[in-house]
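For reference, the structure is listed below as structure tokens.
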Amino acid sequence: MSLVELGMPGVVRRPAPPDGRPAVAGLVDRFGRVATDLRVSLTDRCNLRCTYCMPAEGLPTLPRDAVMTRAEITRLVDVATRELGVRQVRFTGGEPLLRGDLVEIVRDCAALPRRPELSLTTNAVGLESRARALRDAGLDRVNVSLDTLDPDTFATLARRPFLERTLAGIDAAAEVFAVVKVNAVLVRGVNLDHAADLLSWCLERGFELRFIEQMPLDADHAWDRAAMVTAAEVRALLGTRFTLEPDDEPRDGAPAERFRVLDRTTGRALGRVGVIASVTEPFCGDCRRTRLTAEGAVRDCLFAHTETDLLGPLRAGASDGALADLWRTAMWGKRAGHGMDGPGFTQPARTMSAIGG
Ligand code: SF4
């Protein structure tokens with residue numbers, strides 16, 4: 001059944017791309033970028049209340065029937081991998097570990113004909129008891145959020161005293177996953193001077209730490225560019241204890257600029273560190289990401305102001321081909337970049353806790 005026959009309410013229709021749009025199967029935008037990396041938000045619920053993301057009281061969450069079911073997620077990932085050339089799928093949230101059927105979702109997606117690389121972004125609270133089951137279900141790697149090793153600072157930033165549970169989750173992940181990446185946000189006056197210790201801790205364990213510039217996606221709309229810790233500051237800070245050398249591996253559209261970390265005195269190679277400078281050194285020109293919200297809407301960019309509903313058409317019987325075409329159309333209109341440096345920049349209504357990174 002086509003979308004016209006469906007006459008779908010609620011679909012944020014974009015003008016059909018001009019005939020000049022190249023007849024390619026993938027998720028191409030008008031700047032020629034091809035999205036092969038899909039981020040799927042499995043829930044907008046979270047068990048932390050990080051100050052740079054959520055208000056202390058939390059946010060209203062989606063009604064259960066508005067959230068994609070396990071079968072709907074698997075179907076859309078199948079369409080994305082089989083029809084649209086997606087090769088990597090990352091499950092995010094809110095906090096994806098809050099989905100009781102997470103292991104089953106991973107297993108279903110790992111069994112798809114065009115199996116994508118599967119990863120998870122998590123705060124690791126509760127990962128201790130699920131890491132092995134996730135690995136056995138087919139998860140390939142995990143990205144864990146950890147901003148400090150100090151329990152009081154953790155409780156200040158996350159507004160929950162869960163450092164020990166997070167560390168237990170990371171330890172469990174390290175036992176079963178070959179690759180563990182750690183994401184950290186530095187907040188001026190809170191954990192800025194924890195950066196080098198956090199890097200040492202990660203290097204000792206073979207984890208790849210990435211520092212992420214804080215982005216204007218917080219629910220309180222309190223983001224202040226002047227207060228934000230920049231990538232340049234992070235490099236300078238780390239440079240007081242380590243030698244950082246540009247990584248020789250190609251970046252391939254990845255958000256993180258990577259560096260080889262050497263011991264300052266011996267020059268011994270210690271591992272790698274990444275810096276994700278979304279604000280001050282944007283990498284939009286080679287963006288390869290497409291996103292699905294927990295409600296099954298396509299976001300062509302973290303900072304998009306419009307979304308394209310797929311779940312409505314799917315529930316109304318749309319074919320895979322129709323869903324794929326809607327997705328292509330959604331990505332065709334992607335803007336050149338987040339536009340944060342432009343005069344007209346406004347923070348999107350949807351917050352990071354309901355996008356998932
Ligand atoms: S801000 Fe948008 S366009 Fe830029 S890298 Fe992120 S998702 Fe891609």
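The values are calculated or read from the model by the stated rules, or taken from the named source; none is laboratory data. Source: prediction; values computed, not measured. Cβ sites come from the backbone with ideal geometry, for glycine too, and all protein chains shown count toward neighbours. Protein only, heavy atoms only, side chains kept; ligands, DNA and RNA dropped before computing areas. Shrake-Rupley method; radii C 1.70, N 1.55, O 1.52, S 1.80 Å.
The alpha carbon centroids of the range 75-126 and the range 247-298 are separated by 21 Å.
Summing charges over all other residues whose Cβ lies under 10 Å from the Cβ of Asp44, with Lys and Arg as +1 and Asp and Glu as -1, gives 0.
Between Ala254 and Arg141, full extension at 0.36 nm per residue minus the direct alpha carbon distance yields a gain of 39.1 nm. Taking 0.36 nm per residue of sequence separation and removing the Cα-Cα distance, the Glu175/Ala232 pair yields an extension gain of 17.2 nm. Given a Förster distance of 41 angstrom, what is the FRET efficiency for Arg335 paired with Ala111, based on the Cβ-Cβ distance and rounded to 0.05? Once rounded, the FRET efficiency stands at 0.70.
Dipole magnitude for the chain: about 500 debye, using +1 per Lys or Arg Cβ and -1 per Asp or Glu Cβ, origin at the Cα centre. A cysteine counts as unpartnered when no other cysteine's C-beta lies under 4.7 Å of its own; in the chain this applies to Cys46, Cys109, Cys202, Cys284, Cys287, Cys301.
The residue among Leu27, Val67, Ala158 whose Cα reaches farthest toward the positive pole of the charge dipole of the chain, with charges on the beta-carbon of Lys, Arg, Asp and Glu, is Leu27.
What a 1.4 Å probe finds exposed on the chain is 52% carbon and sulfur by accessible area, rounded to a whole percent. With both labels modelled 7 Å from their Cα along Cα-to-Cβ, the Asp247 to Arg188 distance reads 2.8 nm. For Arg264 and Asp152, the difference between the fully extended length at 0.36 nm per residue and the C-alpha to C-alpha distance is 37.3 nm. With all protein chains kept in place, the per residue accessible area of the chain amounts to 42 square angstrom at a probe of 1.4 angstrom. In this label model, Trp223 and Ala56 are separated by 2.3 nm, measuring between points 7 Å along each Cα→Cβ vector. Counting Lys and Arg as +1 and Asp and Glu as -1 over every other residue whose Cβ lies under 10 Å from the Cβ of Val229, the net charge comes to -1. Under a model in which nothing but the beta-carbon of Lys, Arg (+1) and Asp, Glu (-1) is charged, the range 314-354 shows a dipole of about 60 debye around its Cα centre.
For a paramagnetic label modelled on Arg64 (point 7 Å from Cα along Cα→Cβ), amide N atoms under 19 Å away belong, within the range 75-113, to 95-105.
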